[in-house]
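Q: Below you will find the structure I want to go over with you.
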Amino acid sequence: MTIRNDFLWGGATSANQYEGGYNLDGKGLSSMDIVPSGNTRSDIIQGYLNSFSIDNHLYYPTHKAVDFYHRYQEDIALFSEMGFKAYRLSISWTRIFPNGDELKPNEAGLKFYENIFKECKKFNIQPIVTISHFDVPLYLVKKIGAWKSRKMIDYYLKLCKILFEYYKEYVEYWLTFNEINMILHAPFMAAGITFNAEDNEEQIKYQAAHHELIASSLATKMAKEINPNNKIGCMFAAGSAYPYSCDPKDVWEALKVNQENYFFVDIQSRGKYPNYALKTFQHKGITIVMEENDEQILSKYPVDFISFSYYNSRCIANKNSDAELTDGNLFATAKNPYLKTSEWGWPIDPLGLRITLNEVYDRYQKPMIIVENGLGAVDTINDNGKIKDTYRIQYLSDHIKAIKLAIEEDGVDLFGYTAWAACDIISASSGEMKKRYGFIYVEADDNGIGTFNRLKKESFYWYKKVIQSNGEIL
Ligand code: BG6
């Protein structure tokens, strides 16, 4: 097996980190619009929030983001110049339904995405659409507690119906939820969930996850009814958990972390709650309230393909270990002494991607696509006005080499790769601008000050060659 000729090379972004225009043309406030940068951010995204109002003394990165709202034509033309075959983007729910509970959609919001899809079509770029990427109408957070409530399923399906019908001629690849497992680690960011002091947090998170899982299955059903060509994927934050040592206690803890991580995909792909989860719920006193047909819904409408983000592997030590900790996507884990880390402390592990690809393929035997992978780094413009992001090229090149080996030597079925990120955008976890991931530099700082002009980085020209050569020139 080699990389297929129709491999979907491209890049990815999310609405809340990219678009800006947070209150334009009828858009309502969404959950991330009230999350400032700064030292309260982490508590807020984890659900320990006590106010939903906007404080004029703070900076809210989503409000301007990097102004894709006004610059989408310029940006998509740049994607096409790089040779993108696919562009993964997400829909801002509150552009379509400002509060989430309206009967009719906001035409201006629908038009915005239609314009984007038209641009993509012009350049033969396949859109891959995430229906919900860290994005919930704030009104529904306040009114019903967002995904805590089963009522969210209907609101979500109303959004899906509009999207599947309205964009039928443009979109065939859909992801139901971005990093669905993030609900366990950053519940407000992932699902608009907040807690009170007396709450049983795990009970709330898993019940909300159940609502999302049912919504995902019903969206899969609906997508096929509206257009049999639609292909629906789940999306989770991947990255194998390694035992810190061969002490069976470490191996056991790593196994538990992997199970926790695969839990969502086990349901979305295999169609039922796995036994290990049912047992864990029993031990922890978690009761999932289900309706009569729920089990049937989950089993009847599994996803067509598996998508995931991969930034780093994880290293798990047992409770008594004195292993040092390091940061990473999702959560901090033991520091792997064999790996270097990024400027933000995230381990860099290309072989880990090959391991993850094998693990996921062995487990589900379904086509896969990597929809996020990249390096967050500080970039500087040199005296000649150039951005030499050789560290990013190195990171991406090493990871793409690992992908090739997984396809060519191990036989995994991978049909695409959309790097994070197509263009510089604001960071989800920190809200910083200086944590840059893109091939295209955006001239703006952490406070949203700058021209917002676009500049091609060295990685832009490098990725163009990678795509042109279908991964031969790395
Ligand atoms: C993933 C998210 O968790 O990682 C993205 O899907 C996010 O939205 C990306 O931007 C990188 O994380 P961060 O926190 O560095 O932006």
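Q: Straight-line reach from LYS366: which lysines have a Cα under 20 Å away, not including same-chain ones fewer than 8 places off?
A: By straight Cα distance, LYS366 reaches LYS221, LYS224, LYS231, LYS272, LYS300, LYS404.
Q: Between ASP154 and GLU260, what length in nm is gained on full extension when 0.36 nm per residue of separation is reduced by their alpha carbon distance?
A: 35.5 nm
Q: Rank by packing, highest mean first: peptides 209-220, 361-372, 267-278, with packing defined as the count of other Cβ atoms within 10 Å averaged across residues. Mind dumping the intermediate values first?
A: On the way: 209-220: 24.0, 361-372: 20.0, 267-278: 17.2.
Final packing ranking: 209-220, 361-372, 267-278.
Q: Let me ask you something else. Cα gyration tensor of segment 129-245, axes a ≥ b ≥ c as square roots of the eigenvalues: rounded (a/c below 1.5), prolate (a/b > b/c) or oblate?
A: Since a/c reaches 1.5 but b/c is at least a/b, the shape of segment 129-245 is classed as oblate.
Q: In addition: Report the local net charge at ILE214: Lys and Arg +1, Asp and Glu -1, summed over other residues whose C-beta lies under 9 Å from its C-beta.
A: Values: positive: ARG150; negative: GLU212, GLU291, ASP294.
With Lys, Arg at +1 and Asp, Glu at -1, the neighbours total -2.
Q: Now a separate question. So for the chain, considering every pair of alpha-carbon atoms, how many percent are separated by more than 31 Å? Mind showing how you got there, number by number?
A: Values: 43128 of 112101 pairs.
The calculated P(r) of the chain puts 38 percent of pairs beyond 31 Å.
Q: Take each of the peptides 405-418, 376-389, average the number of other beta-carbon atoms within 10 Å over its residues, and list them starting from the highest.
A: The peptides rank, most packed first, as 405-418, 376-389.
Q: Further question: If you count, for each residue, the other Cβ atoms within 10 Å and average over each peptide, how do 159-167, 306-314 line up from highest to lowest? Intermediate results must be reported in sequence, preceding the final value.
A: Numbers: 159-167: 19.0, 306-314: 25.1.
The peptides rank, most packed first, as 306-314, 159-167.
Q: In the neighborhood of THR2, defined by Cβ-to-Cβ distances under 15 Å, what is the net charge if each Lys or Arg adds +1 and each Asp or Glu adds -1?
A: -3
Q: I've got another one for you. Any aspartates and glutamates with Cα under 17 Å of the LYS143 Cα? List them, leaving off those in the same chain fewer than 8 positions away.
A: By straight Cα distance, LYS143 reaches ASP33, ASP101, GLU102, ASP135, ASP154.
Q: Only residues of segment 23-45 count here: report those whose backbone N is under 17 Å from the spot 7 Å along Cα→Cβ of ASN447, or say none.
A: Of the residues in segment 23-45, 36-39 have backbone N under 17 Å from the label point off ASN447.
Q: What residues have an amide H closer than 5 Å to that of SER30, excluding those fewer than 5 places away on the same chain, when H is modeled at 1.01 Å from N in the peptide plane?
A: Those qualifying (amide H under 5 Å, at least 5 residues apart or on another chain) are LEU138.
Q: Here's another thing I want to ask about it. Quickly estimate the mean residue ellipticity at 222 nm for the chain, helices only: each DSSP H run with n ≥ 4 gives -39500 (n - 2.57), and the total goes over all residues, rounded to 500.
A: Result for the chain, helices only: -12000 deg cm²/dmol.
Q: Gap in Å between the Cα centre of segment 178-196 and the Cα centre of segment 1-44?
A: A separation of 15 Å, based on Cα centres.
Q: I've got another one for you. By counting other Cβ atoms within 10 Å of each Cβ, how are VAL136, VAL257, VAL251 ranked from fewest to most?
A: The fewest-first ordering by Cβ neighbours comes to VAL251, VAL257, VAL136.
Q: Using alpha carbons only, how many angstrom separate the centre of segment 202-217 from the centre of segment 62-127?
A: 28 Å
Q: While we're on this one: Compute the signed sum of charges (Lys and Arg +1, Asp and Glu -1) over the other residues within less than 14 Å, Cβ to Cβ, of ARG436. Display every interim value, and only then the final one.
A: Details: positive: LYS388, ARG392, LYS434, LYS435, ARG454, LYS456, LYS457; negative: GLU343, ASP379, ASP389, ASP424, GLU432, GLU443, ASP445, ASP446, GLU458.
Charge balance in the 14 Å sphere: -2.
Q: Turning to a different aspect of this structure: So, in nm, how far is label LYS272 from label GLN468 when the simple model puts each one 7 Å beyond its Cα toward the Cβ?
A: 5.3 nm
Q: Just report the Cα centroid separation between segment 242-259 and segment 268-290, whole Å.
A: Here the answer is 21 Å between Cα centres.
No lab work stands behind these numbers, since they all come straight from the coordinates. Being a predicted model, the structure only gives us computed values, none of them experimental. Because the Cβ atoms are built from the backbone with ideal geometry, glycine has one as well, and the counts that use them run over all protein chains shown.
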